[in-house]
Amino acid sequence: MRFLVLTLFFFILHSNSYGITKEYNLIDKKLIIFTNDEISNELDDLIERKLDAIFSVIDVNDSDSFVSRFNNLERNSQVSAPDYFVDAFLILKNYNKISKGSFDPTIFSILSKSSKPEKINKLLNSSALRKCVSLNNIQVKASNIFFKAQECTKLSFDSVISGIVVENLKSILVNSSIPNFSIIYNGTISNFNQTLDIKNYFDLKEEIYKIINFEDIPNYSIYIFDNEIKTYNINQKNKQIIDDKSVFILVASDSIVNNDILSKTLNLLDFNKLNNSEYINVNIPVFISYKVGTFTYYKHSRSFQKYLD
C-alpha cells in the first residue's frame, strides 16, 4: 500500500487496560487504535483501504499522490480533483482567511526546496519566489475543477491531514459498532466511550497535566513544535519561522478536523493580543500556554473552563 512506509502490524499490549492495541506506521508518524473489542479482518481491511485512499490524494510525501501531481502542474493548468482534495482545500482556504493570510499552505512552495531554517529564511524574502506563495494562485472554477496560475505554486495538507485521518477512522469504527475506542495520531486524539492516558505519548510539562483534566475531553488536538518545520510553522504575513518550543496549544471542539488545523494555526497569532482574540472569546474550547522570560501565561476560552481541574 502506498501510505505504508513500514509494514502494518498488530500486537497485544498486556499492560494496556484497553486490551487490544492496533498500530499503523503512516509515513513518519504512528497511528494507534485502542479498543476493548477485537477488530475483525474485514474491518481492518476497510481501515486499510480508507487510509490508502486518503494518503493517495493528499500526501505530499507520495510522488504519485494527487496533490504531488497537482503541485507539478504547469502554469495556467486546470484539473478535476477528487473529493478528499476538494474538502481539504476548502478547509485550508477557510483558515487562510481566518488567520488574515498568516497561515498559507502554499508556503510549501518554499519548504519543498529546503528544510534548513537558514535557507528557508532566505527564500521567504526572495522576490523570485514571492509570486509562488499565494493561495490566490489556486482557484476553484467549479465544485471540483481547480485552476493553477503559477507552476511554482505548491500546496501541502500537513496542517489538516491528521484530523482528516482520525475523523474518517472514528466514523468507520462507530459505524462498525465498536463500542469503545481511542485513536491517536500526530497530536490528534479522539475518545469514544473511554479515555486515554496521554502521558505515555506526549512529553508535556507537569503543570499542564495538573491544570487540564484530559479524561473529560472526547476529541482534541495539541500543538507542540517538534523540530520539523511545516507549513503551519511559518507566518507568511511576517515572513518568519515560528519555532517557539515554549508554546502549548489544545483545541477541543466537536470537529476533529477543526481541532487539528486550529491547534496548528493558532501559533501564528500574537499571544500578547489573545485577550481580544476571536478564538478566546467564542465557544471553541481553546487552551494556550506560552512562556515569556521566566513567566508562563495560561489562557483559555470560556468554553474550555469545564475541562480544567
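Worth a mention:
- Here segment 222-251 is the region considered, the condition is being closer than 24 Å to residue 154 by Cα and polar (S, T, N, Q), and the residue that is modelled with the lowest pLDDT is 227.
- None of 199, 205 is surrounded by fewer than 16 Cβ atoms within 10 Å (Cβ to Cβ), at pLDDT below 90, over 22 Å from residue 33 (Cβ atoms) and of a type in the set (Lys, Arg) except 205.
- Among the residues of segment 222-252, just one is among the polar types (S, T, N, Q) and in contact with a Pro (Cβ under 8 Å, 6 or more places away or on another chain), namely 231.
- The listed residue being crowded, with 17+ Cβ neighbours inside 10 Å, within 23 Å of residue 44 (Cα to Cα) and among the hydroxyl-bearing types (Ser, Thr, Tyr), out of 176, 182: 182
- A count restricted to segment 132-146 and to residues that are free of Cβ contacts under 8 Å to residues at least 60 places away in the same chain, part of a loop (DSSP other than H, G, I, E, B) and surrounded by 20 or more Cβ atoms within 10 Å (Cβ to Cβ) stands at 1.
- Within segment 252-309, restricting attention to residues that are surrounded by 14 or more Cβ atoms within 10 Å (Cβ to Cβ), at pLDDT 85 or above and among the charged types (D, E, K, R), the residue that is nearest to residue 162 (Cα to Cα) is 260.
- Hits in segment 176-223 - residues which are in contact (Cβ under 8 Å) with a residue 40 or more places away in the chain and small (Gly, Ala, Ser): 176, 182, 187, 190, 221
- Looking only at residues in segment 28-58 that are part of a helix (DSSP H, G or I) and basic (Lys, Arg), the one that is surrounded by the most Cβ atoms within 10 Å (Cβ to Cβ) is 50.
- Only listed residue being modelled with pLDDT of 95 or more and in contact with a Pro (Cβ under 7 Å, 6 or more places away or on another chain), chosen from 175, 191, 219, 168: 191
- Of all residues in segment 203-226, those satisfying the criterion of being under 19 Å from residue 262 (Cα atoms) and not aliphatic (A, V, I, L, M) are 214, 218, 219, 220, 221, 223, 225, 226.
- Candidate set from segment 198-255 (those that are part of a loop (DSSP other than H, G, I, E, B) and of a type in the set (Asp, Glu)); member that is farthest from residue 92 (Cα to Cα): 203
- Pairs with Cβ under 9 Å, 6+ apart, first in segment 14-27 and surrounded by 12 or more Cβ atoms within 10 Å (Cβ to Cβ) and of a type in the set (Val, Ile, Thr), second assigned to a strand (DSSP E or B) and modelled with pLDDT of 55 or more: 20/33; 20/34; 20/35; 21/32; 21/33; 21/34; 21/35
- Comparison of 151, 118 shows that the only residue that is over 17 Å from residue 230 (Cα atoms), not in a strand (DSSP E or B) and not polar (S, T, N, Q) is 151.
- Residue count for segment 115-125, restricted to those that are surrounded by 14 or more Cβ atoms within 10 Å (Cβ to Cβ) and of a type in the set (S, T, N, Q): 1
- Selection of segment 100-115 for residues being of a type in the set (Gly, Ala, Ser) and either farther than 21 Å from residue 157 by Cβ or outside any helix (DSSP H, G or I) (or both) yields 101, 102, 112, 114, 115.
- Residue count, segment 210-225 (criterion: more than 28 Å from residue 168 (Cα to Cα) and surrounded by 15 or more Cβ atoms within 10 Å (Cβ to Cβ)): 1
The values are calculated or read from the model by the stated rules, or taken from the named source; none is laboratory data. Computed from a predicted structure; not experimentally measured. Neighbour counts are summed over all protein chains in view; Cβ atoms, including those assigned to glycine, are modelled from backbone coordinates with ideal geometry.
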